[in-house]
Each structure stands twice: as C-alpha cells, then as structure tokens.
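> Supplied in structure tokens, the structure appears directly below.
Since every read-out is calculated from the coordinates, none of them should be taken as a lab result. All values derive from a computational prediction rather than experimental measurement. Every residue, glycine among them, receives a Cβ derived from its backbone with ideal geometry; neighbour counts consider all protein chains shown.
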Amino acid sequence: MTDYRTESDSLGEVQVPAQALWAAQTQRAIENFPISGQPMPAAFIHAVVQVKRAAAEANTSLGLLDVALRDAILAACDEVLEGLHADQFPVDRYQTGSGTSTNMNVNEVLANLARGQGHSVHPNDHVNMSQSSNDVIPTAIHVSAVTEAQHRLLPALSHLRGVIYEREATFNDQVKTGRTHLMDAMPVTLGQELRTWREQLYAAEKRVEHAIEDLLAIPQGGTAVGTGVNALAEFPEQFVRFLRAATGFSFSALEHKFVAQSAVDAPVHLSAQLRGAAVVMAKIANDLRWMNSGPIHGLAEISLPALQPGSSIMPGKVNPVIPESVAMVAAQVMGLDSAVVVAGQSGNFQLNVMLPLVGANLLEMIGLLTNAASNLADKALRDFTVNAETLEAAVGKNPVLVTALNPEIGYELAADIAKEAYRTGRPIIDVAEERSGLDRARLEQLLDPLKLTRGGVAEG
C-alpha cells in the first residue's frame, strides 16, 4: 500500500503520494491526463527551471523577493538542473494547452525542495512571482529548443558534414554513372555526389541557425495575456540579464510579448527547418541504399558496413540498416512538424493552446535528428567501401556518353550511335569509331569520363 498525505488547493483536498515532491495541482494533472505515459522531455523541464531561476534573481534585484527565499529557490533549481529529482515531473505532455500543469508541477517541486532547507516558500507567491504559465511555457519552448539545437543538433550535423568531407576527398577522381529519373546519365565523380550531400547539410544547418536566432527574443514578463500585469516594467530586462548569464545565449526581451504568447510563429519556423534537415538526411540515406543495392542484381557501387544479419530466414543477407533507420527518423520528423503546424494555428486571441505539444515535438525532432546524424556518420559513411571495378565497367558501357559528341557530329547521329550501343551492348567508343567519322584518339579525348565530370567541351 502506498502512503499518502493530504494536500489542498483552491478546489479542495487531494491525496498525494507521501514521498512525492509535488503537491495538489500536479496530482490533479496526473489524474486528469492519463493519455500517453510520456511526460514533458527533461530538457523542457530544465528550461522551465532556468526560467524560475532567472525570475527569482530578477525579483530579488527588484526588491520583490527576500534574499533568503531567493537562495532557497536557486538551490532547489540547481538540484534539478544537476539531474536530481527527475522522477518528480510526471505530468503527461497531452495536458492543458497552456502547459499550466507543467508550470505548477515545477513550482510545487521547487517550493517543496526549498522548504526542505527550512524556508517557507510558496509555489505561486514566490516560485511563480512575476510570472504566469502563459509566458513561462512559451519562454521555456524557446530556451529548450535553442539549448538543445545549439548543444546537440548543430554539432551532430557538423560532424556528419566532416565525415562526408573526409570521404569526399578520397573519391574526387572516382568516376561513376550519373543518374536522372533513376536512369543512366552523364558521368559524375563519387566525390561530387558526396559534396552535394555536404553542401545540402551546410545549407540546412544555416537555416536552422537562422531559425534559432528568431527564438532568442522571449516573452517572459508578458504574464497572463501579454500586457505585463503582475510584473514590474523592469522585470523583463532584469530577467533576460540573468537568463543570458546562466545559459550563455543572447536572449532578449520581446518588445510586444503578445506575439510569442498568442502565437508560436518562431517555433513553427524552427520546426520547418528541422523538417528541411530531415529531408536532406532522407535524400542521403536513399542514395546510399540505392548505391549499396545488390550485391549481385543491384547497382552494387558501394558496400556499406555489415552490421547485423539481415534476415531471419535467408542466410548471408545483409541490409542497409543505418540508412533505413535514418529514413524512418526523417519520416517521423516530418510527421512531428505537421503536428507543430496544426498547433501553430491554435492561437486563440491572446494564447496558443497547444504549447506543450510544440515544446515536446521540437525537442523530439532535435533529439532524433541529432542521433540519426551521428549514427549515419559513424556507422555508414565513415567506413563504406567502393566497388571501383563495378563503377568503371558501368561507365565504359554507358551509351549516354555519346552526349559529348553532340557538338561534333550532331544530335541525330549521336542518337543513332547510342541506340546501336544499347542494342549490341558494345562500348560507345567502338560504335562511334565506326559511325562518327572521328578517329580513335579524338573519341578518347571527347569520351574521357573523368574529363566529362569537369564540364565544358573538349577542345580539338
């Protein structure tokens, strides 16, 4: 039997587990929202705690909060930020749309921890001073997303780019058949393919960085509706001063705080850029799967590392498991983004009422992309091998190489030569030597696959 204690709030008495650090409002939320069994992510809880910490310091600097109470709140905040009491934040993410339940959960836990130090700290009057859920939760969305994207996602994407760059240099002269519509096209180098991925990732990173910049303006101090009632006019600037010092990020006070309380436009922007990064990673994953296909009846251009048996019934089968995992991550991120878009439409007058969903989804997207990028780099791209003989043989038999003869012999004759090469399976250069009127030396110059990857027209 679990022991309980009685707690009360404005609605009456509630039975709370005796050892729990939370109080009545958290317990009501636990009982009201048995939805997913998924609480808000730890990074989000930590962001709320950072808000409480900065608010306590700001309130003391403005003469509103006693120094002893501030110190007790700060000590409680630091315990949570150090990873203690992680099991004390059980409220389901599918809760009240303002996130009030999570805000009060944090208020109650911090107040209880502070009381354990011998101080009479009230969750509303002291921990929540100069705040409401309606500015705390939007601010926590910004703080948590900025922190996780900067500390985790951007380094992971940079790491992935770095691994690609290392492999790219190795394959600058490795010619292979290019493909458009999944059909043979003019040759490219494997290095050019890898550089394409790297450039895509770099552009995606920059777009994420720009979206992060938009999140640095926060609405804390807007309190319930954006007007700032119940907070001193000086509070927002004092708050961001302490938040900047604690996080190292250049947060600023949003001038018109209604914008980030009634809407979540900046988080929606970040979500879109996370989706964009997922699209890039899906493209890379799918290219790798195609290039690895076979090994007998596929392209077999590369061999990805063999990480695990690929079938419970077919001995010897090995599958491209890392790219498949990345492709699933990309699909999930796109789905999470769609939910954020719907949530972004749910701003009713002065408050968006899907704030917990937005905060949780952004952090899930960031976490998935971070882990997938690192895995793709270290378990697929770093150690894949190239089947050079397969690549070179395919290039030599590719009738599309005849495209390079267009300026010399015209499209119609070049098309006839290509058709004959297709029909007979002979190398294009042999057919062209018979049909084009050009000598072998000139054809070798015009049809040199490596030169064709550099663009332009071969000089006579």
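> Apply the a/c threshold of 1.5 to the C-alpha gyration tensor of the stretch 1-158 and tell me whether it is rounded, prolate or oblate.
oblate
> Say each of VAL67 and GLN345 gets a label point 7 Å from the Cα, pointing the same way as Cα to Cβ; how far apart are those two points in nm?
Reported label-point gap for VAL67 and GLN345 is 5.5 nm.
> Full extension from THR424 to ASP173: what is 0.36 nm times the residue separation minus their Cα-Cα distance, to one decimal in nm?
87.5 nm is the gain from fully extending THR424 to ASP173.
> So what J values fall out for the stretch 419-431 if you push phi through Karplus, 6.51 cos²θ - 1.76 cosθ + 1.60 with θ = phi - 60°, rounded to Hz, Gly and Pro as x?
4, 5, 4, 4, 5, 8, x, 7, x, 4, 5, 5, 5
> Let me ask something else about it. Considering amide H positions built from the backbone, and no H for Pro or chain starts, which residues 5 or more places from ARG179, or on another chain, come under 5 Å of its amide H?
ALA185
> For the stretch 115-125, just list the computed ³J(HN,Hα) in residue order, Karplus coefficients 6.51, -1.76 and 1.60, θ = phi - 60°, integers in Hz, with x standing in for Gly and Pro.
With the stated coefficients, the stretch 115-125 comes to 5, x, 8, x, 10, 8, 10, 9, x, 8, 5 Hz.
> With a cut-off of at most 10 other beta carbons within 10 Å, and DSSP calling the residue loop, which trypsin sites (Lys or Arg not before Pro) in the stretch 258-351 qualify? Please list them.
Listed in order of number, the matching sites are LYS317.
> Which whole-Hz ³J(HN,Hα) couplings does the stretch 231-245 yield from phi under the Karplus relation 6.51 cos²θ - 1.76 cosθ + 1.60, θ = phi - 60°, glycine and proline marked x?
10, 4, 4, 7, 4, x, 5, 5, 4, 5, 4, 6, 5, 4, 5
> Which of the GluC sites (Glu not before Pro) across the stretch 173-277 are loop residues per DSSP, with 11 or fewer other Cβ within 10 Å?
GLU255
> Ranked highest first by the average count of other Cβ atoms within 10 Å around their residues, in what order do 441-451, 135-145 fall?
135-145, 441-451
> Please list the non-local residues whose amide H lies under 5 Å from the amide H of GLN220, H modeled 1.01 Å from N, same-chain partners needing a gap of 5 or more.
Residues meeting the criterion, in which the H sits 1.01 Å from N, are LEU254.
> Now for a different question. Assuming R0 = 51 Å, what is the FRET efficiency of ALA18 and TYR202, from their Cβ-Cβ distance, to the nearest 0.05?
It comes to 0.40.
> Let me ask something else. Using a cut-off of under 18 Å, list every residue of the stretch 157-196 whose amide N is near the label point 7 Å from the Cα of GLU392 along the Cα-to-beta-carbon line.
170-178, 187-191
> Let me ask something else about it. Would you mind checking LYS283/LYS451; LYS206/LYS451; LYS52/LYS206; LYS317/LYS419; LYS176/LYS317 for any pair whose Cα atoms are more than 29 angstrom apart?
Result: LYS206/LYS451; LYS52/LYS206; LYS317/LYS419 exceed 29 Å.
> Do any GluC sites (Glu not before Pro) in the stretch 3-112 lie in a DSSP loop with no more than 13 other beta carbon atoms within 10 Å, and if so, which?
GLU82
> OK, next. By its C-alpha gyration tensor, with a ≥ b ≥ c as the square roots of the eigenvalues, how is the chain shaped: rounded for a/c under 1.5, else prolate for a/b larger than b/c, else oblate?
It comes out prolate by the Cα gyration axes.
> In debye, nearest 20, what is the charge dipole magnitude of the chain about its Cα centre with +1 on Lys and Arg Cβ and -1 on Asp and Glu Cβ, if you could check?
The dipole of the chain has a size of about 520 debye.
> With the cut-off at 1.5 for a/c, could you classify the stretch 397-452 from its C-alpha gyration tensor as rounded, prolate or oblate?
Rounded is the answer for the stretch 397-452, as its axis ratio a/c remains below 1.5.
> On to the next question. Of the options ILE429, ALA393, THR96, report the single residue whose Cα projects farthest towards the positive end of the charge dipole of the chain (beta-carbon charges: Lys, Arg +1; Asp, Glu -1).
Checking the options against the dipole of the chain, the answer is ILE429.
> Also: Which value in deg cm²/dmol, rounded to the nearest 500, describes the helix-derived mean residue ellipticity at 222 nm for the chain, given -39,500 (n - 2.57) per DSSP H run of n ≥ 4 and division by the residue count?
-18000 deg cm²/dmol
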